[in-house]
Amino acid sequence: MALLPILHYPDPRLKKVAKPVAVVDERVRKLVLDMAETMYEAPGVGLAATQVDVHEQIIVIDISETHDDLRVFINPKIVEASPETKLAEEGCLSVPGIYDYLERPQRIRVQALDVNGATFECEADGLLAVCIQHEMDHLTGRVFVDYLSQLKQSRIKSKMRKLERESA
Ligand code: K1U
Ligand code: ZN
């Protein structure tokens, strides 16, 4: 397994739209393992392939405290979303140190492929629902700060650029 470098906002590569995975093969399974190791090490509860500069529709999530409940979603699609919404705090490994509240559907039903290429569906609410929607946004080139006001976005961009300069 290998740790993959995570792109930081406002890197333009975070805006790329991911393509569907054509075949779930050993290459994809190795990428999933590398993404999981990268997420656990960060540490985070989710990671989208876009964040490691791979523009394919792959997400890994583990919201357990024990790091033993890895969920993998390949070519995910939201097939149902509740009309009820919920305000929840979000963070992002691509925007370290920034947290803010977004409103999203409270419950979703997702269809995806697993690591064997089999189709499955699952229902999610709470943190899992927030995380799936946040990661699926990455696959379409959206970062959670894109939903915030222009003022907040420009402050966050300045803060991130300062951090990059300091760590260079
Ligand atoms: O997409 C990402 O960068 C991962 C992100 C997922 C996420 C968390 C919370 C709400 C929405 C999406 C993170 O994992 S941020 C880090 C984080 O939340 C966390 C880190 C350590 C332990 C528990 C949570
Ligand atoms: Zn994120």
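Before moving on, here are some points about what is shown:
- Under 17 Å from residue 15, Cα to Cα: aspartates and glutamates that are on another chain or at least 8 residues apart: 53, 56, 135, 137, 146
- Fraction of accessible area attributable to carbon and sulfur, the chain (%, probe 1.4 Å): 53 percent
- Comparing 32, 145, 115 in a Gaussian network model of the chain, where Cα atoms under 10 Å apart are tied by springs, the biggest mean-square fluctuation is seen for 115.
- Computed over the stretch 12-167: relative contact order in percent, which uses C-alpha pairs under 8 Å that are six or more apart: 24 percent
- Taking all protein chains as shown and a probe of 1.4 angstrom, residue 30 keeps an accessible surface of around 110 Å².
- Area accessible to solvent at residue 8, 1.4 Å probe radius, in Å²: 70 Å²
- Taking amide H as placed 1.01 Å from N in the peptide plane, the amide H of residue 141 sits under 5 Å from that of 18, each at least 5 places away or on another chain.
- Between residue 40 and residue 147, residue separation times 0.36 nm minus the direct Cα-Cα distance comes to 35.9 nm.
- Of the residues 78, 120, 95, the one whose Cα sits farthest toward the positive end of the charge dipole of the stretch 12-167, with +1 on the Cβ of Lys and Arg and -1 on the Cβ of Asp and Glu, is 95.
- Under the convention that each Lys and Arg Cβ holds +1 and each Asp and Glu Cβ holds -1, the size of the dipole of the chain around its Cα centre is about 900 debye.
- When all alpha carbon pairs of the chain are counted in 5 Å bins from zero, the resulting P(r) reads 1, 9, 18, 22, 22, 15, 9, 4, 1, 0 %.
The values are calculated or read from the model by the stated rules, or taken from the named source; none is laboratory data. Computed from a predicted structure; not experimentally measured. FYI the Cβ positions are ideal-geometry reconstructions off the backbone, even for glycines, and counts take in every protein chain you see. Just so you know, the surface numbers come from the protein's heavy atoms only, side chains and all, with ligands and any DNA or RNA stripped out. Shrake-Rupley method; radii C 1.70, N 1.55, O 1.52, S 1.80 Å.
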